[in-house]
Structure formats: C-alpha cells, structure tokens
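Enquirer: Just passing along the structure, written as structure tokens.
The values are calculated or read from the model by the stated rules, or taken from the named source; none is laboratory data. This is a predicted model, so every value here is computed, not measured. Don't worry about glycine lacking a Cβ; one is built from the backbone with ideal geometry, like all the others, and counts go over all protein chains shown. Please note that ligands, DNA and RNA were not included when accessible areas were found on the heavy atoms of the full protein model with its side chains. Shrake-Rupley method; radii C 1.70, N 1.55, O 1.52, S 1.80 Å.
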Protein chains: 2
Amino acid sequence: MCEDKNSMRLEMENLLKRRFFYDQSFSIYGGVNGLYDYGPVGCAIKINIINLWRRHFILEEQMLEIDCSMLTPEIVLKASGHVDRFTDLMIKDTETGECFRADHLIEGYFEKLLETKDIDDEKKTEIKQLLPQIGNMNVEDIQQLIEKYNIKSPNTNNKLSEPIAFNLMFSTSIGPISQTKDYLRPETAQGMFVNFKRLLNFNQGQLPFAAAQIGNSFRNEISPRSGLLRVREFTMAEIEHFIDPIDKTHSKFDTVADLEIQLYSASNQINGETAQLIRLYDAVHSKLINNETLGYFIGRIYLYLIRIGIDKNRIRFRQHMDNEMAHYACDCWDAECKISSGWIECVGCADRSCYDLTQHTKFSGQRLVAERQLSVPKRVQITERKINSTIIGQIFRKDTSIVVKYLENLSENQAHSLHEKLEQENEKCTINEKEFIITRSMFKLETKEKIVQVEEFTPSVIEPTFGIGRLLYVTLEHNFKIRPEDNQRKYFTLPPLIAPYKCAVLPLSVNAEFKPFVKQISDLLTQANISHKIDTSSSNIGKRYARCDELGIPFAIAIDFDTLQQPYSIALRELESLKQVRVKIDEIVSVLQDLATEKVTWNEIFALYPIFTEQQTKRLEN
Amino acid sequence: MCEDKNSMRLEMENLLKRRFFYDQSFSIYGGVNGLYDYGPVGCAIKINIINLWRRHFILEEQMLEIDCSMLTPEIVLKASGHVDRFTDLMIKDTETGECFRADHLIEGYFEKLLETKDIDDEKKTEIKQLLPQIGNMNVEDIQQLIEKYNIKSPNTNNKLSEPIAFNLMFSTSIGPISQTKDYLRPETAQGMFVNFKRLLNFNQGQLPFAAAQIGNSFRNEISPRSGLLRVREFTMAEIEHFIDPIDKTHSKFDTVADLEIQLYSASNQINGETAQLIRLYDAVHSKLINNETLGYFIGRIYLYLIRIGIDKNRIRFRQHMDNEMAHYACDCWDAECKISSGWIECVGCADRSCYDLTQHTKFSGQRLVAERQLSVPKRVQITERKINSTIIGQIFRKDTSIVVKYLENLSENQAHSLHEKLEQENEKCTINEKEFIITRSMFKLETKEKIVQVEEFTPSVIEPTFGIGRLLYVTLEHNFKIRPEDNQRKYFTLPPLIAPYKCAVLPLSVNAEFKPFVKQISDLLTQANISHKIDTSSSNIGKRYARCDELGIPFAIAIDFDTLQQPYSIALRELESLKQVRVKIDEIVSVLQDLATEKVTWNEIFALYPIFTEQQTKRLEN
C-alpha cells in the first residue's frame, strides 16, 4: 500500500513537471531551493482556488478584502513578535558548514533509528514519546538530545554545531540610505491589524466584521526540501474576524451546526486516540471548540476544502496542544489533509483573543479599540485640567503658548502631582531652558461625574489562515487517477470550478473543413468567458484527448464530420466517464457555462442530450 | 481651468482617503513613503481591472499565464542588465543628507525658474529645450547643469553632492548563510524569459505564443512623492509575445486595423507637433509602427483602456525617441493618459527584438531558441567525436569512464586541437591528478554531411507592460464627478465590470418588515456571484444612497413598502442618471447579472421595465 502510494505520487510528480504545472524557479541557472514557478496549468488552478475562496468567504460574509504592502518596517514586526520569536533552531555541520533545521534533523535521525534493529524496546518507547515534542523544543533540549544520542551530521557524519535560533524573515532596507531595517512580511495578517481603524471606520464603527487578504508572504526556510509544501515564497489567504470578546456567538452558526467533522482534540492526542467524527453543534456546546464563531469558521473551512476537490474522508481538524499554542490564544484548530506522505496542515483557525490589537496599540501609541453600547448608561468620574490662559497670558505674555502646551502635555501622574503641589506652594518649571513660576490660579484639576453610553474595548480576533500552495498540492494528489485499462493514461478529476481550462476544443484531424468550426467555437467560448484549450496539432485525436486529460480538463469538444452537417453539432466528452453526448453548436455555450459553474452535473447533461457513440457521416480520413 | 482641475483632484483625493480606497501603508507607525494599502473599494476595483485584463488579453489570445518567484538571484538580473543599469541618479543635500532624484530635482528647479520673471527669453528657450532631455542625462551632464545654474538643495538651499548612480533594486539574501546576493524582482518579465523553454515545450514547440504574468514588483525609488503614480511596490501585468523575427505579421491584425488612435511619433515630438489621429492600418503600412504585431497590441491596449473606463479622448501612444530607447529595441510606444497633472505613462509596448533570450542564453549556457521548418531542406557539415571506449577500456580498465567522460566534455576547440595533435603524436592528459596517454585509436573527429529540415533561431519579443496602480488611478480620475445640483454629492461613473460592488442593497428604513427581504436579496445575489454592499444603518436612505455613490456602485436596490406587496418588487436605481425602474424580485438576479457583465446597458433596462417615481403603498414612516 505504501509502495503503491509512493509510486502514484512519483507518477503524478513526473506529470506535474512534464506538463509544467509548476517547477523549480530559475532552474536554467541551477535553481533555487524553496522557490517555485507556476506554469500555465498550475497558475490557472491557483487562480481558480483563489477565486473560489473569494466567493466562498468574502462574498458570502461581506468581508472587507484589502491588499497591503509586503515590504514592512521593523517596528510592525517587533510589535507582532516576529522579530523576537519567528525563528527556527538551526544546526551546522562543523566541517562543511551545511545548515539543517534542528528539529527535522533529529526527527530524521530518530525515524531511521526506529527502523534499525539495534535498539531495544525500552529505547524505542522513549524515542516514540520524544518524537512529537521535538518541534516545540528549545535550544537546551535540542543540545541535550544531540549529546545524549551522539547525533552527527547526516551526510558526512561530522560533528554538529550547537543549535542557534535563526530568524526566518528576509530582511531588506527601504529608501536610498539603508538606514532602516525592513522585512518582507512573513504573513499577511499584520496588514489587517495596522489598518484596523480604517476598516472599523469603513464598517461604520460596527463589530463584528472580517477583513481578508490574499497575497504573497516570505519565510527564509533553513533547508526547504518538500516541494510545494515548504517554500520560501508562498501565497496565503487570511481572514481576521474582529469580534466583541464578550459575545462570540455567530448569527450563521446554524448553517453549519449539523456538519459532522473529524475532530482530533488535544485530549485525543494526549490519550493516543484517533480523531472523532463529531457534529459541530455538539463540539461547540460541549465547549470542545471554544466558541460559536470559531466553530462556524471550522465548518466553512471544511465546506471550502470539499468544494475545491479535497477528499472529505481525508480531512481532519487537529486542536493545538497547550504547549504548541501561543500563550495568548484561546483555542486553535488546524485543518489537516492526508496525502501520500502523511497528514499536513493546510489551514489554521485560531482564536487569538485581543493579542494583536493590544500589541499594536502598545507599539504605535494609537488606540486600536472599538466601542460597545452599554445596556445601562454608566456614571463615571472624570478629571479635567483647568488651564487659565488669561492669567498665564498676563504674566508670561509671548511665552503663553509654550506654557499652556507644557501644561496640556503633562502626563496624568505629573498633572496630579502638580495639582497637589500647588495646594501648598508655587512650582518652578523649566521649559525650553527657561524658568516659569506656575501658580494655583493658572492650573488645577477638577473632577466631574459624567454619564457614558458606550465603553471602549479591544476586539478579539478569530483568524483562519490558508496556504494556497498546499491546498493546490493536496487537491492535485486527491484527484490524480490512472485509467485501470491503460496505465499510460493519467488524469485529474478536478471540480470544474477548479479545473485549469473548462474545455478542450479538438478537431478530429487537420482537415481544413474543421478550421472555421474551431474558430467559431473558440470565439463563442471566449465571448462567454469560458477558458478553453485548442489543440489543432497533427497528433491523432486519441493522443490529444490524452494530453487534455493530463491537464485535468473536464470536458472536451470534438469537431468531426457530423459537425459539418446541419444542424451543426459537436461531440462533448466528459473526462472521467469518457461518455459523450451530441450537442448543437448553438447550445454549447449554455451547456458548458452550466457545467463550468457547477450549476448542472455531467449526469444531468448526460440524461438530457443524445448519447454519442459514433459518427453518422462516414468519410475516409487517413 | 487649471485651478478647477486641481480642486477636482483634491476633492477626489479626500474622498479616496476618507472612504479608504487606498492610503499610505503603516501610517499608525508614521507611514512609509511609496507604500500604499488598498482598502476594500480600491482592492475590489484592482481585482476587477486584473480580471478584465485576464479576459481581454489572456483568454482572447490563449496566452500562457504563469506565476513566478519575486525573490530573484543576482545572476538573472546580471543577465537582464538590471544589476548594472537599473539606476537613477541621486543627489544629496550635503548638510542634511536628504536624498533627491537628480532629474526630478533639476526639472523642479527649472519649472520654478520658468515661472519667475527673473530670466530673459533667451534663457527661457534654452531651459525649455533642456527640460525634455533631463530624464536621459548621465552623471556628467547633470553635474554640469548643477554647476552652470548653481542649483541648490530645494528646501534648505544647501550645497548639493555630486550625483551618483543609485540601483533601484531591493536586495536581500536567500538561505541561512547570507552568502548569496539576491533581489526582489524589479519587473515580472524575467520570470517569463527564464521559463521560455518550458513554455515553448508546453506550446508543442510552436511559435508565436505569448506568456503573461500578473504580480508585484519592487523599485526602491529614491524619493517617491506622487501617490499611486510612483511607488516602491506595485502590481504589474506583462506580456511577452514570442515571435519569429523574420515574420512579425499578426493573424488578427485586421480586427484592430481600422481603429483610429492618437499617435505621438518621435518625429512629432522632435518637430514640436502634437499627436496625430491615425488609422492603425496606415501606421503599420507606412512603417510608422514597426510591424503588425506591435500594431496589433497597440490596438488591443487601446481597447482595454477604454473598457476599464479610461476616457478615449485622453489617451495617446507616444513613441520613444532614439535617445530613450534601449539600443536593442526596434520600436517602443507608451500608452499615455492625460490626468490633472499632465500626461502619464500607463502601458509600455516595445519590440525588444531578441535581446532578452540572447542574454539569458549567454549567462545560463542554456540555448533559449526555437526551431523553424526550412522550406528547402539544407545540407550541413557536422562534426562528431568518435570515442573508442573498447580500446580505452583495454588500456585504462577501471578508469575507463573518467577518461571517456573527459573526452566527451572537451570544448569544441579543445576537441579540435586534440584531434590535430593526435595526427602527429600521442597526448599526455592529466585527469583527477592522474596521467593518461591518449592515442589516435581512442579519439578522432569525423565530419559528415547531414540534411536538416529545421533551423534554430532566437525569437523576438513584443512586450506590452501595464502598471495596474496607475490604470486604477487614471480610471478613478476620469470617472470622478460632482453633481451640479449639489457639490457635496460626489460619485464615480466606473464601468460595471470595474465597479467595486455591482449593487447596493438599501432598505428604506430600519423597519423590521424589510429585514427578510434584505436577506433574501443578498442570498440571491451571493448565489449568483454578484458582489453587493448592504447598508442597513439608521441613516436616512438619501444619505445611504450618497455613500454608495461615493464608492462608485452603479446600481442600487431599494426595499420599500411596495416591496412588501405581491408581486414582491424593488426599485432599481442607476447611479449617474438617478433614474429608477421597478423590478420583480425574481427577475432581479438576471437583470443585475446582465448589467454587471455589460451584456445590457442601463438604457435598455430603462426601456424594458416600468419607470419608478414614487411608492404606491402609502404608509406613515416615523
């Protein structure tokens, strides 16, 4: 089975390379690890995954999509914690200087060790217990493991350096003088936090609302090796759903409450249990999932994954364990998909509480808060400064404004102590190297009672975050097929909305009579915004069908000798079933439009139109 | 008039900021010059401009869209010339260190000088002649001007430094050891050149074909100041149309040949003439435009600009003068649009000949060429190496393979001299620090005649390149209007395909009876993938209409008391005319779909549906 999965994966990866779905960047110059270029097919699939994301999330929830700079000044990433903590532990081969990600190196070492027969059962149990913890270990833990197990550099058996924390951000410098330290963003989220005030204002001050962003981010991985799954530049789609922390209900939760989803809770993981199929309603109401809004997004993510063609039986949501969750987060679930190499995280969904806005408030000095109406207006004591500028003016004349400004700008504490001091005696202040005597008549504090209708609060954030490249890879793997009757015939059963081209246009041969029909059909499809691939090369039509199948094109139009007869018609073939129907040319646009937008299924079309098996018009075609 | 244009621009820019179309990035941290974030409206318009680009160019021509890495190793940009030549001249204020772009500084100085009365007519003429040349001046020219006119730092009047060439690329380093020098791409074009072989292969070896790419690029502008028009990070869309240099005809040229376009030729510019309205057919056949393919793209670009809402009377194509065109280019035309501040370049369209592929062939050692069928097969002499591995094996045994490999890897020149040497005597070779005696029986060259059907050539490239941010700005400026009857009512007449939301949904008031209809209509629109903005806030409906107008939403649905009566219907209002029709709820999706995709015009709808002036149902609403 494992052999089989691997050989399927190899077959697929060969095809992906050969038909340029994607491939390593700059390979004519030797290539760069962790960078990939999407070719025409991969690029079209990626765009479709993004467009469907927009439709499924942004349009459905009226989210506010924004598009922010990738170049980011250091202070923003200081506030977010990335400058200090966005690191992986790195180890070097002390002779060759080769760099390794410490956790991956040790995991690889242990996995090999488990396969050998040199170790006893006790050791095995110990290693098996260690393995899931390695990803979260600190410098000291890692160093201890290296010493205890005498771990060496995997390719050379040389000694390893001590681990050091390596920051994964790419640095650069904005402006001509290189004075500033700047980075390429490691995620799109920060752009939404720093624009919070503008977005809240756009939404007329109302919560909840969600911001969304789709764009590239950058992580300088130490040693990327897993194809599209771990790359240095990648497209993400992120949502920041801002919400009042005292009310995390969601008005549309009932639309997903009945979904049954594989949930792999933290306690399942600790107890060595497998994931459980649980109704979302039950998961939220038993508090397994922290709140309705988080539950709502888990449901919506699940539906989205299925819509882009991921197998629903290979999806689970794994809850973060306490030791992997950030201290500020309430709860976090990763959507994981099972592929040939195991389970991989494709979407994260976290309740980050009010951490992000609090941090940016602290670092920027701008209050990133919202207001809530109080059900009962509240009396509050407020203290106001009374600065008597008339008296100040009489005494200090042209210096009036600097004295007034000085008094206005005192901190709360300074103002209070000045107020108290002036009860006893005058105060001598130095402003701009000049002395001024401040008296009671110039300055005092007055406390008043005020009735307030609203109170400020820092919103919480629920953050679903999607790796588009990973989703693309998973849907390709889940939809890759080889025809049982011919192992040379490979194809992808992608949903029509995701397929790179909706339709192939194939004349039976290079016969000149077919040409005007190819043009006519292509023009009709273009006008209707239906992407299609024309293949008029001289290969026989079987070969050309096979080529289109390899690209995952769900429908193919064949132009044959029957096409030349009135009423003009074509044969429409479906990729997986290989079944064909006969459709008149003037109906083809509406049929394909409905199929491509998934308004109708192939089975419905197949029931409606005459089945096509062979041409009526007999003609000798060499 | 000029005043008026400027006040219109200020009105618009206030609105763009207030409604967060776009704004400076990171402004809670003081902001970064040359970086902008697109808010919900700007982002939606940008996406629509991109989607229409895809449809107008990629779908129409079956272009191969790809999506490549932004991180780029140095060698790629050495090959392209960017490392050596992608510079602007920079001047510093010698006291404050403030940096200026030299040409902008001098242009600003001269423009101010022309406005003063201190200079005589002779001087004026001299300066007017100098002005258009400044952008293309080198270090010495600029330095001379500074000295001759005694130009000082504009804000401080301090002395200026000598100009230096400042490279505009952002540098970074890929990988953990910072050994490599890498950059953020300054354009998307290079990704298409380095993937040329893969793309040619995908296209089954056939030319012509076009690659296309949409994505962000980065330029570290010295002192960016013109809003969206000169930024450090921007979205471009580029096409590389690869073509056989001996045949630059285009099969679809006749579809644009009759367009009459303002062409501002190099000779117009030299002779101080204005642009001329010329039929594309005539421009190509008189050789004003170098070739049909270049002419075809000029026509297609023109049509695209109009489709996204740019005023056709404010578009011209300006030909590059000899001194601004790269030495390798055959011809180059910029699509320029007139805005309040003058003409700005929005699209470039150049015939770059075979420069790019030749450079990458030279730097990578990979032959980036295509093949053309010869009309008459050709006899050519080819030289083959005959390496006798049997004899080599008898003599060198276990070293056989390294000797064979050595002989295979000799360069052409080395092989020729070895061949000639062996005529006279044996040759002593050192391979891997070991000596081998090579004899005639082991190695020789044989020359044969071969008949070839194809010959290799380096394709030419026609490159249309679009600045998406500039297009967005221009279409906003060309569509910004203020209602003559009320100068507080501002709106944008964007084409429906470009408008950020297709439709607003506005209940007459907060009356609870309207709520289910708001939900029903929103659900219908969502299902049909029609973007819309619901405004259920408590402001009166006039105010809410005005808000939607400011966002450029072309159609608005009002839910009123008539809506509550069977047959349920709504009032549909068009933004510019303010006219309304009454449409039944079950027809609203198809009406809006047709309007949003520009299948029908508002005038057609207005003729078909009953005109709505006031509600039939009279009800007292607070």
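Enquirer: When you take every Cα atom in the range A:377-455, what is the radius of gyration, and what is Dmax, the widest Cα pair distance, in Å?
Expert: 14.5, 47
Enquirer: Quote to one decimal, in nm, the extra length available between B:GLU433 and B:GLU162 on full extension: 0.36 nm per residue of separation minus the C-alpha distance between them.
Expert: On the way: separation 271, 0.36 × 271 = 97.56 nm, distance 5.40 nm.
Difference between extended and current length: 92.2 nm.
Enquirer: Run the count for the range A:121-189, please: Lys pairs, Cα-Cα under 27 angstrom, 8 or more apart or on different chains.
Expert: Final tally of qualifying lysine pairs is 10.
Enquirer: On to the next question. For B:LYS428, list the lysines whose Cα falls under 20 Å from its own Cα; do not include residues on the same chain fewer than 8 positions away.
Expert: Output for B:LYS428: B:LYS386, B:LYS398, B:LYS405, B:LYS444.
Enquirer: When the distances between all Cα atoms of the range B:243-338 are binned every 10 Å from zero, what whole-number percent does each bin get?
Expert: Pairs per bin, as whole percents: 16, 49, 31, 4.
Enquirer: Still on this model: Report the label-to-label distance for B:THR536 and B:ASN487 in nanometres (one decimal), using points 7 Å from each Cα along the Cα→Cβ vector.
Expert: The two pseudo-label positions are separated by 3.8 nm.
Enquirer: Ok, one more. Quick check on the range B:1-93: what does the Kirkwood estimate of hydrodynamic radius come out to from the alpha carbon pairs, in Å?
Expert: 17.8 Å
Enquirer: Still on this model: Can you give the local net charge around B:TYR328? Use residues other than it whose beta-carbon is closer than 14 angstrom to its beta-carbon, Lys and Arg +1, Asp and Glu -1.
Expert: -3
Enquirer: Which distances in nm, rounded to one decimal and ordered from shortest, link the label point of B:LEU113 to the equivalent label points in the other identical copies, with labels set 7 Å from Cα toward Cβ?
Expert: Nearest first, the other copies' label points are 7.7 nm away.
Enquirer: To the nearest 10 Å², what's A:ASP103's accessible area with a 1.4 Å probe?
Expert: 20 Å²
Enquirer: Further question on the same structure: In debye, nearest 20, what is the charge dipole magnitude of the protein assembly as shown about its Cα centre with +1 on Lys and Arg Cβ and -1 on Asp and Glu Cβ, if you could check? Write out the running numbers ahead of the final one.
Expert: Numbers: 152 positive and 174 negative charges, 194 e Å.
For this selection, approximately 940 debye.
Enquirer: Oh, and also: Which whole-angstrom value gives the distance between the alpha carbon centres of the range B:48-69 and the range A:302-316?
Expert: One Cα centre to the other: 28 Å.
Enquirer: Taking only C-alpha pairs under 8 Å that are 6+ residues apart, what is the relative contact order of the range B:238-303 in percent?
Expert: 37 percent
Enquirer: On a 0 to 90 degree scale, rounded to 10, what angle separates helix B:412-424 from the longest Cα axis of chain B?
Expert: On a 0 to 90 degree scale, this one is about 10.
Enquirer: Could you give me the percent of Cα pairs per 5 Å distance bin for the range A:27-156, shortest bin first, beginning at zero and ending with the bin that holds the maximum distance?
Expert: Whole-percent P(r) values from 0 Å outward: 2, 7, 11, 12, 11, 12, 13, 12, 10, 7, 3, 1.
Enquirer: Quick check: the distance between the Cα centres of the range A:149-164 and the range B:255-277, to the nearest angstrom?
Expert: Taking the Cα centre of each part, the range A:149-164 and the range B:255-277 sit 69 Å apart.
Enquirer: Could you sort B:165-172, B:239-246 so that the peptide with the highest average Cβ count within 10 Å comes first and the rest follow in order?
Expert: Ranked by mean Cβ neighbours within 10 Å, highest first: B:239-246, B:165-172.
Enquirer: Round to the nearest 0.05 the FRET efficiency obtained for A:ILE177 and B:SER441 when R0 = 60 Å and r is the Cβ-Cβ distance. All intermediate terms of the calculation are to be shown ahead of the outcome.
Expert: On the way: r = 68 Å, r/R0 = 1.13.
Rounded to the nearest 0.05, the efficiency is 0.30.
Enquirer: Which one, A:ILE28, B:PHE166, B:LEU578, is farthest towards the positive end of the dipole of the protein assembly as shown when Lys and Arg carry +1 and Asp and Glu -1 on their Cβ?
Expert: Value computed over the given set: B:LEU578.
Enquirer: Here's something else I'd like to know. For the pair A:SER577 and B:THR96, how long in nm is the line joining their label points, each one 7 Å along Cα→Cβ?
Expert: 7.4 nm
Enquirer: Now for a separate question. Given H placed on each backbone N at 1.01 Å, which residues far from A:ILE278 in sequence or on other chains put an amide H within less than 5 Å of it?
Expert: Residues meeting the amide H criterion: A:ILE261, A:GLN262, A:LEU263.
Enquirer: Let me ask something else. Under 14 Å from a point placed 7 Å out from the Cα of A:LEU114 along the Cα-to-Cβ direction: which residues of the range A:312-346 have their backbone N that close?
Expert: From the range A:312-346, the list is A:342-343.
Enquirer: What list of ³J(HN,Hα) couplings, whole Hz, do you get for the range B:149-162 from phi and the Karplus terms 6.51, -1.76, 1.60, once you set θ to phi - 60° and write x for glycine and proline?
Expert: With coefficients 6.51, -1.76 and 1.60, one gets 9, 6, 7, 10, 5, x, 8, 10, 6, 6, 5, 9, 6, 6 Hz.
Enquirer: Hey, another quick one. If you take every DSSP beta bridge whose two residues both sit in chain B, what share of them, in percent to the nearest 5, is antiparallel?
Expert: 90 percent
Enquirer: What do the square roots of 5 times the Cα gyration tensor eigenvalues come to for the range A:323-409, in whole Å, largest first, as semi-axes of the equivalent ellipsoid?
Expert: Numbers: eigenvalues 589, 71, 16 Å².
Taking √(5λ) for each eigenvalue gives 54, 19, 9 Å, largest first.
Enquirer: Quick one: which residues, 5+ away or cross-chain, put their amide H under 5 Å from the amide H of A:LEU35? H built at 1.01 Å from N.
Expert: A:SER25, A:ARG232
Enquirer: Calculate for chain B the 222 nm mean residue ellipticity that helices alone would give, adding -39,500 (n - 2.57) per DSSP H run of length 4 or more and normalising by residue count, nearest 500 deg cm²/dmol.
Expert: -10000 deg cm²/dmol
Enquirer: Using the alpha-carbon atoms, what tilt in degrees (0 to 90, nearest 10) does helix B:102-115 show relative to the longest principal axis of chain B?
Expert: With rounding to tens, the tilt is 50 degrees.
Enquirer: While we're looking at this one, here's another question. Suppose the chain between A:ASN413 and A:ARG314 were pulled fully straight at 0.36 nm per residue; how much longer would it get relative to their current alpha carbon spacing? Mind dumping the intermediate values first?
Expert: Numbers: separation 99, 0.36 × 99 = 35.64 nm, distance 5.95 nm.
Result for the pair: 29.7 nm of gain on full extension.
Enquirer: Continuing with the same structure: Can you tell me the equivalent ellipsoid semi-axes for the range B:88-167? Use √(5λ) from the Cα gyration tensor, largest first, whole Å.
Expert: Over the Cα atoms of the range B:88-167, the ellipsoid semi-axes are 21, 15, 10 Å.
Enquirer: Let me ask you something else. Per residue of B:175-188, count partner chain C-beta atoms within 10 Å of its C-beta, then hand back the mean as an integer.
Expert: Mean shielding by partner chains, rounded to a whole number: 3.
Enquirer: Could you report the accessible area of B:CYS43 in Å², rounded to 10, computed with a 1.4 Å probe on the protein chains as they sit in the structure?
Expert: Surface accessible to solvent at B:CYS43 totals approximately 10 Å².
Enquirer: Let me ask something additional. Given the rotation relating A and B, tell me which residue in A puts its Cβ closest to the axis and the distance in Å.
Expert: A:THR172, 2
Enquirer: Just round it to a whole percent: the fraction of Cα-Cα distances in the protein assembly as shown exceeding 48 Å.
Expert: That tail contains 42 percent of the Cα-Cα pairs.
Enquirer: Quick one: accessible surface of B:SER178, probe radius 1.4 Å, all protein chains present, in square angstrom to the nearest 10.
Expert: Only protein atoms counted, so the area is about 80 Å².
Enquirer: Moving on to the next point. Using r as the Cβ-Cβ distance of B:GLU604 and A:GLU598, and R0 as 30 Å, what FRET efficiency do you calculate, to the nearest 0.05?
Expert: 0.55
Enquirer: Here's another thing I want to ask about it. List the distances, in nm to one decimal, from the label point of B:ILE437 to the label points of the same position in every other copy, shortest first, placing each label point 7 Å from Cα along the Cα-to-Cβ direction.
Expert: 11.4
Enquirer: Under a plain spin-label model, where a point goes 7 Å from the Cα along Cα-to-Cβ, how far apart in nm are B:ILE391 and B:SER340?
Expert: Reported label-point gap for B:ILE391 and B:SER340 is 8.5 nm.
Enquirer: Continuing with the same structure: Return the long-range amide H neighbours of A:TYR22 (sequence gap of 5 or more, or a different chain), with a cut-off of under 5 Å between placed amide H atoms.
Expert: HN-HN under 5 Å from A:TYR22: A:GLY39.
Enquirer: What ratio of Cα Rg to 2.2 N^0.38 Å holds for chain B?
Expert: My calculation over the Cα atoms of chain B gives 1.26.
Enquirer: Using a Förster distance of 22 angstrom, determine the FRET efficiency expected from the C-beta separation of A:GLN381 and A:TYR328, and round it to 0.05. List each step's numbers first, then the result.
Expert: Details: r = 31 Å, r/R0 = 1.43.
That pair, A:GLN381 with A:TYR328, gives E of 0.10.
Enquirer: Still on this structure: Looking only at other chains, what is the average number of their beta-carbon atoms within 10 angstrom of each beta-carbon in B:526-533?
Expert: Per residue, the number of nearby Cβ atoms from other chains is 3 on average.
Enquirer: At what distance in angstrom do the alpha carbon centres of the range A:484-506 and the range B:396-450 lie from each other?
Expert: Computed from Cα coordinates, the inter-centre distance equals 51 Å.
Enquirer: What lysines could a cross-link reach from B:LYS252, if we take a straight Cα to Cα line under 20 Å and drop same-chain neighbours fewer than 8 places away?
Expert: The qualifying lysines are A:LYS515, A:LYS519, A:LYS533, B:LYS287.
Enquirer: Report the Cα-based extents of the range A:501-621 along its three principal axes, largest first, to the nearest Å.
Expert: The principal-axis extents, from largest down, are 38, 28, 27 Å.
Enquirer: Would you kindly derive the ³J(HN,Hα) couplings of the range A:460-474 from the backbone phi angles with the Karplus curve 6.51 cos²θ - 1.76 cosθ + 1.60 (θ = phi - 60°), listing them in order in whole Hz, with x for Gly and Pro?
Expert: Karplus values, whole Hz, x for Gly and Pro: 7, 10, 9, 10, x, 9, 10, x, 5, x, 5, 4, 4, 4, 5.
Enquirer: List, shortest first and in nm to one decimal, how far the label point of A:GLY31 (7 Å from Cα along Cα→Cβ) is from its counterparts in the other copies.
Expert: 4.6
Enquirer: Would you tell me the mean number of C-beta atoms belonging to other protein chains that fall within 10 Å of each C-beta in B:42-52, as a whole number?
Expert: Mean partner shielding for this stretch: 3.
Enquirer: Using only alpha-carbon positions, what ratio does the radius of gyration of the range A:456-556 give when scaled by 2.2 N^0.38 Å?
Expert: 1.53
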